[in-house]
Amino acid sequence: MKKIAFITAAAAAAIALPSAAQAQDVVPGNGFIGVQAGVHDLGLDDELEDIGTGLELDDSSPIFGVFAGYDVPVGPALFIGAEANYNFGTDALDGDYGANARLGFSVPGGAKIYGRAGIQAIKVDYSEIINDDSIDFDGIDDTESDYLVGIGADVPVGRAFVRGNLDTISFDTMRATVGVGLRF
(Lines give C-alpha, C1' and ligand atoms only; values in the text may rest on other atoms or scores of the structure.)
Protein backbone atom coordinates (compact mmCIF):
# COMPACT_ATOMS: atom_id res chain seq x y z
CA MET A 1 0.00 0.00 0.00
CA LYS A 2 2.84 2.41 0.85
CA LYS A 3 4.46 1.73 -2.55
CA ILE A 4 1.24 2.58 -4.37
CA ALA A 5 0.86 5.84 -2.38
CA PHE A 6 4.49 6.78 -3.08
CA ILE A 7 4.19 5.99 -6.82
CA THR A 8 0.94 7.99 -7.02
CA ALA A 9 2.52 10.99 -5.23
CA ALA A 10 5.63 10.82 -7.43
CA ALA A 11 3.52 10.66 -10.59
CA ALA A 12 1.37 13.61 -9.44
CA ALA A 13 4.51 15.65 -8.70
CA ALA A 14 6.00 14.77 -12.11
CA ILE A 15 2.80 15.89 -13.81
CA ALA A 16 2.50 19.10 -11.73
CA LEU A 17 6.14 20.20 -12.12
CA PRO A 18 5.86 21.33 -15.77
CA SER A 19 2.59 23.12 -14.91
CA ALA A 20 4.32 24.99 -12.07
CA ALA A 21 7.19 25.96 -14.38
CA GLN A 22 4.69 27.29 -16.93
CA ALA A 23 2.86 29.25 -14.23
CA GLN A 24 6.15 30.92 -13.29
CA ASP A 25 6.47 32.10 -16.91
CA VAL A 26 2.89 33.44 -16.90
CA VAL A 27 3.30 35.61 -13.79
CA PRO A 28 5.40 38.65 -14.75
CA GLY A 29 7.86 40.31 -12.41
CA ASN A 30 9.78 39.03 -9.44
CA GLY A 31 9.60 38.88 -5.70
CA PHE A 32 12.30 39.88 -3.27
CA ILE A 33 13.20 39.56 0.42
CA GLY A 34 16.01 41.07 2.45
CA VAL A 35 17.45 42.56 5.59
CA GLN A 36 18.17 46.22 6.30
CA ALA A 37 19.68 48.54 8.88
CA GLY A 38 19.64 52.28 9.29
CA VAL A 39 18.71 55.28 11.40
CA HIS A 40 15.27 56.73 12.06
CA ASP A 41 15.30 60.36 13.31
CA LEU A 42 12.00 61.53 14.81
CA GLY A 43 12.80 65.23 14.35
CA LEU A 44 11.60 66.23 17.82
CA ASP A 45 14.61 68.41 18.68
CA ASP A 46 13.27 71.58 17.07
CA GLU A 47 9.70 71.10 18.33
CA LEU A 48 10.63 70.49 21.96
CA GLU A 49 13.32 73.16 22.09
CA ASP A 50 10.54 75.76 22.04
CA ILE A 51 8.89 74.19 25.12
CA GLY A 52 11.90 74.14 27.40
CA THR A 53 15.55 75.00 27.06
CA GLY A 54 18.16 72.65 28.42
CA LEU A 55 16.05 69.57 27.67
CA GLU A 56 18.33 66.66 26.70
CA LEU A 57 16.65 64.65 23.93
CA ASP A 58 17.72 61.54 22.08
CA ASP A 59 15.15 61.30 19.29
CA SER A 60 16.94 59.08 16.80
CA SER A 61 17.29 55.33 16.83
CA PRO A 62 19.29 52.72 14.97
CA ILE A 63 16.89 50.28 13.30
CA PHE A 64 17.35 46.70 12.07
CA GLY A 65 14.76 44.82 10.08
CA VAL A 66 13.40 42.86 7.16
CA PHE A 67 11.56 43.71 3.94
CA ALA A 68 9.71 41.75 1.26
CA GLY A 69 7.92 42.72 -1.92
CA TYR A 70 7.05 42.12 -5.54
CA ASP A 71 7.75 44.18 -8.70
CA VAL A 72 5.88 43.92 -12.00
CA PRO A 73 7.15 45.42 -15.27
CA VAL A 74 4.72 47.81 -16.99
CA GLY A 75 6.96 48.84 -19.88
CA PRO A 76 10.43 48.27 -21.27
CA ALA A 77 12.08 49.96 -18.28
CA LEU A 78 9.14 50.99 -16.02
CA PHE A 79 7.91 48.87 -13.08
CA ILE A 80 5.40 49.05 -10.24
CA GLY A 81 5.57 47.09 -7.03
CA ALA A 82 4.54 46.66 -3.44
CA GLU A 83 6.71 46.20 -0.37
CA ALA A 84 6.26 45.56 3.35
CA ASN A 85 8.82 46.11 6.11
CA TYR A 86 9.35 45.56 9.83
CA ASN A 87 12.18 47.09 11.87
CA PHE A 88 13.33 46.79 15.48
CA GLY A 89 14.58 49.97 17.16
CA THR A 90 17.12 50.29 19.95
CA ASP A 91 16.69 53.80 21.40
CA ALA A 92 13.92 56.33 20.73
CA LEU A 93 11.96 53.76 18.71
CA ASP A 94 10.90 50.31 19.81
CA GLY A 95 10.20 49.61 16.14
CA ASP A 96 8.38 50.56 12.95
CA TYR A 97 6.43 48.66 10.30
CA GLY A 98 4.51 49.45 7.16
CA ALA A 99 3.68 48.88 3.52
CA ASN A 100 4.25 50.94 0.41
CA ALA A 101 3.81 51.00 -3.35
CA ARG A 102 6.85 51.48 -5.58
CA LEU A 103 7.07 53.11 -9.00
CA GLY A 104 10.38 53.27 -10.80
CA PHE A 105 12.54 52.38 -13.73
CA SER A 106 15.34 49.97 -14.49
CA VAL A 107 18.59 51.30 -15.89
CA PRO A 108 21.03 49.38 -18.11
CA GLY A 109 22.83 46.87 -15.94
CA GLY A 110 19.70 46.04 -13.95
CA ALA A 111 19.71 48.70 -11.23
CA LYS A 112 16.27 49.95 -10.16
CA ILE A 113 15.59 53.55 -9.13
CA TYR A 114 12.20 54.22 -7.55
CA GLY A 115 9.93 56.45 -5.57
CA ARG A 116 7.62 54.98 -2.97
CA ALA A 117 4.55 55.95 -1.00
CA GLY A 118 2.60 54.12 1.68
CA ILE A 119 1.85 54.01 5.37
CA GLN A 120 4.26 53.45 8.26
CA ALA A 121 3.59 52.98 11.96
CA ILE A 122 6.21 53.82 14.57
CA LYS A 123 6.29 52.71 18.19
CA VAL A 124 8.02 55.38 20.27
CA ASP A 125 9.94 54.79 23.53
CA TYR A 126 9.39 58.06 25.44
CA SER A 127 11.69 57.05 28.33
CA GLU A 128 14.61 56.71 25.92
CA ILE A 129 13.84 60.02 24.21
CA ILE A 130 14.09 62.03 27.44
CA ASN A 131 16.72 59.72 28.98
CA ASP A 132 14.65 59.17 32.15
CA ASP A 133 13.30 55.74 33.12
CA SER A 134 11.68 57.04 36.31
CA ILE A 135 8.64 58.52 34.51
CA ASP A 136 5.77 56.09 33.84
CA PHE A 137 4.43 56.37 30.27
CA ASP A 138 2.12 53.31 30.51
CA GLY A 139 -1.13 55.23 29.88
CA ILE A 140 0.16 57.12 26.83
CA ASP A 141 -0.38 55.78 23.32
CA ASP A 142 3.11 55.23 21.94
CA THR A 143 2.22 54.17 18.38
CA GLU A 144 1.77 56.69 15.56
CA SER A 145 0.83 55.94 11.95
CA ASP A 146 1.09 58.25 8.97
CA TYR A 147 1.99 58.35 5.28
CA LEU A 148 5.48 57.53 4.07
CA VAL A 149 7.15 58.92 0.95
CA GLY A 150 10.66 58.16 -0.16
CA ILE A 151 13.20 57.35 -2.82
CA GLY A 152 15.55 54.44 -3.25
CA ALA A 153 17.72 52.31 -5.48
CA ASP A 154 18.41 48.58 -5.78
CA VAL A 155 21.72 47.60 -7.41
CA PRO A 156 22.04 43.97 -8.57
CA VAL A 157 24.87 41.68 -7.55
CA GLY A 158 23.95 38.43 -9.34
CA ARG A 159 20.55 37.29 -7.99
CA ALA A 160 21.18 39.39 -4.89
CA PHE A 161 21.06 43.17 -4.65
CA VAL A 162 22.16 45.97 -2.35
CA ARG A 163 19.85 48.89 -1.70
CA GLY A 164 19.59 52.31 -0.15
CA ASN A 165 16.40 54.18 0.81
CA LEU A 166 15.65 57.62 2.18
CA ASP A 167 12.13 58.07 3.56
CA THR A 168 10.10 60.58 5.50
CA ILE A 169 6.97 59.93 7.50
CA SER A 170 4.53 62.85 7.10
CA PHE A 171 7.55 65.11 6.48
CA ASP A 172 8.24 65.04 10.25
CA THR A 173 10.73 62.16 10.55
CA MET A 174 13.62 60.99 8.39
CA ARG A 175 14.66 57.39 7.93
CA ALA A 176 17.71 56.20 6.00
CA THR A 177 18.32 52.49 5.45
CA VAL A 178 20.72 50.25 3.56
CA GLY A 179 20.06 46.60 2.90
CA VAL A 180 20.86 43.39 1.12
CA GLY A 181 18.21 41.31 -0.64
CA LEU A 182 17.57 38.34 -2.85
CA ARG A 183 15.29 38.22 -5.91
CA PHE A 184 13.25 35.15 -6.77
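Accessible surface of GLU144, taken over heavy atoms with a 1.4 Å probe and every protein chain present, rounds to 100 Å².
In nm, what is the difference between 0.36 nm times the number of residues separating ARG159 and ILE113 and their Cα-Cα distance?
Numbers: separation 46, 0.36 × 46 = 16.56 nm, distance 1.70 nm.
Stretched fully, the ARG159-ILE113 segment lengthens by 14.9 nm.
Enter the accessible area of LEU166 (Å², nearest 10), with the probe set to 1.4 Å and all protein chains included. The value for LEU166 is about 80 Å². Taking all protein chains together, VAL157, VAL162 sort by accessible area into VAL157, VAL162, largest first [probe 1.4 Å].
The values are calculated or read from the model by the stated rules, or taken from the named source; none is laboratory data. Worth saying up front: this structure is predicted, and the values here are computed from it rather than measured. Keep in mind that these areas ignore ligands, DNA and RNA; they rest on the heavy atoms of the full protein, side chains included. Shrake-Rupley method; radii C 1.70, N 1.55, O 1.52, S 1.80 Å.
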